[in-house]
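The values are calculated or read from the model by the stated rules, or taken from the named source; none is laboratory data. Because the structure is a prediction, the values reported are computed rather than measured. Backbone-built Cβ (ideal geometry, glycine too); neighbour counts: all protein chains shown. To get the accessible areas, we keep the full protein, side chains included, count just its heavy atoms, and leave off ligands, DNA and RNA. Shrake-Rupley method; radii C 1.70, N 1.55, O 1.52, S 1.80 Å.
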Amino acid sequence: MMDALAAFHFLRPWWLLLLLPALALWWLERRETDTTARWRAAIDPALLRHLIVGGDTRRFKPSDLLLAGWIVGVLAIAGPAWRQAPSPFAQSARPAMFVLKVAPSMLGTDLQPTRLDRARQKMSDLLALREGAPTGLVAYAGSAHLVLPPTPDAAVVETMAGALAPDVMPREGDDLAAAVKLAGQVLTDGRQGGSIVVFADTVAPGAIAALKDERDVPVTLFAMQPAARVSADPSLNSAVSALDADLVVPTLDTADVAGLARTLATKGAAPPLAGEAPRWEEAGYWLTPLIALLVLGWFRRGWVLA
């Protein structure tokens, strides 16, 4: 409620100036129709009330109804607003790039069935939670390769990830910096913002220094090791520090990917393009029933305003 009050404003505030002539005309009309005004200066008001015969004794007059309708109508035209609505032309979900390590170490079985297979399972769970969100894929070992640019087709991403294996990579090694740089370049070229999610078990000590230059895009490191080993692995913690990244530890359920999905929904926002910025939602139409109710008063018999 306090946030709505703080954000309350009028989209067309200059229309509020029409309230000045409304108040002026209402005051002049009341003054012209008050036949007892000249007697108040000579007779005590308490006594004058008993000396008046007839006259308009109504507390609520047609001029008052007209003023109320004028005020409500001007407020509606001025465009009251207090909340923003997303643009229909803006992309609803931010893109993400999955960076998958495809090296022999990912065939370890401490995560069943293997670390690589568990990474594919977590990717599939994350794609299900981000239904319709553009997702791309980069595979790396000793070199980094773009497998798929961001696409909303989750089935294609899963199919391409399922076809990756260490024996298809052209060079063995651990060039995470090149993979993050490639994924970041893809997101930058797309001009939609986004985040990078790295699925890796370890990071080569020689690759950590180069990671400090790859902080342009938010990165999350999904550790493909048992939770008990992640905290004891200095390479993962050093990579997280170098990238200023978030660290996600795998769980037996989907709590890890659920939290990551929420993070991806809020991180990596790009500056909105023309026509994609949120717009203020005009609320003046909520006053139209009140205007209609005031109009009904003019159907009352004997209500005339000259």
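Points worth noting:
- Counted residues, region 45-87 - those being under 27 Å from PRO289 (Cα atoms), modelled with pLDDT under 70 and in a helix (DSSP H, G or I): 0
- Search result, residues across region 5-22 that are assigned to a helix (DSSP H, G or I) and either without any contact (Cβ under 8 Å) to a residue 40 or more places away in the chain or out of contact with any helix residue (DSSP H, G or I) (no Cβ under 7 Å at 6 or more places or on another chain) (or both): LEU5, ALA6, ALA7, TRP14, LEU17, LEU20, PRO21
- Scan of region 237-261 for residues that are acidic (Asp, Glu) and touching a Phe, Trp or Tyr at 6+ places or on another chain (Cβ under 8 Å), ordered by number: ASP256
- Candidate set from region 255-276 (those that are out of contact with any strand residue (DSSP E or B) (no Cβ under 6 Å at 6 or more places or on another chain) and at pLDDT 90 or above); member that is most open to solvent (accessible area, probe 1.4 Å): ALA255
- Strands (runs of 3 or more DSSP E) enclosed by region 96-164 - at least 1 residues per element that are within 19 Å of VAL230 (Cα to Cα): 96-101
- Residue in region 109-124 that is among the aliphatic types (A, V, I, L, M) and open to solvent by 60 Å² or more (accessible area, probe 1.4 Å) present: no
- Among (1) surrounded by 17 or more Cβ atoms within 10 Å (Cβ to Cβ); (2) among the charged types (D, E, K, R); (3) without any contact (Cβ under 8 Å) to a residue 40 or more places away in the chain; (4) in a loop (DSSP other than H, G, I, E, B) - the single one ASP174 does not satisfy: (3)
- Subset of region 251-269 (residues that are in a loop (DSSP other than H, G, I, E, B) and touching a helix residue (DSSP H, G or I) at 6+ places or on another chain (Cβ under 9 Å)): THR251, THR254, GLY268
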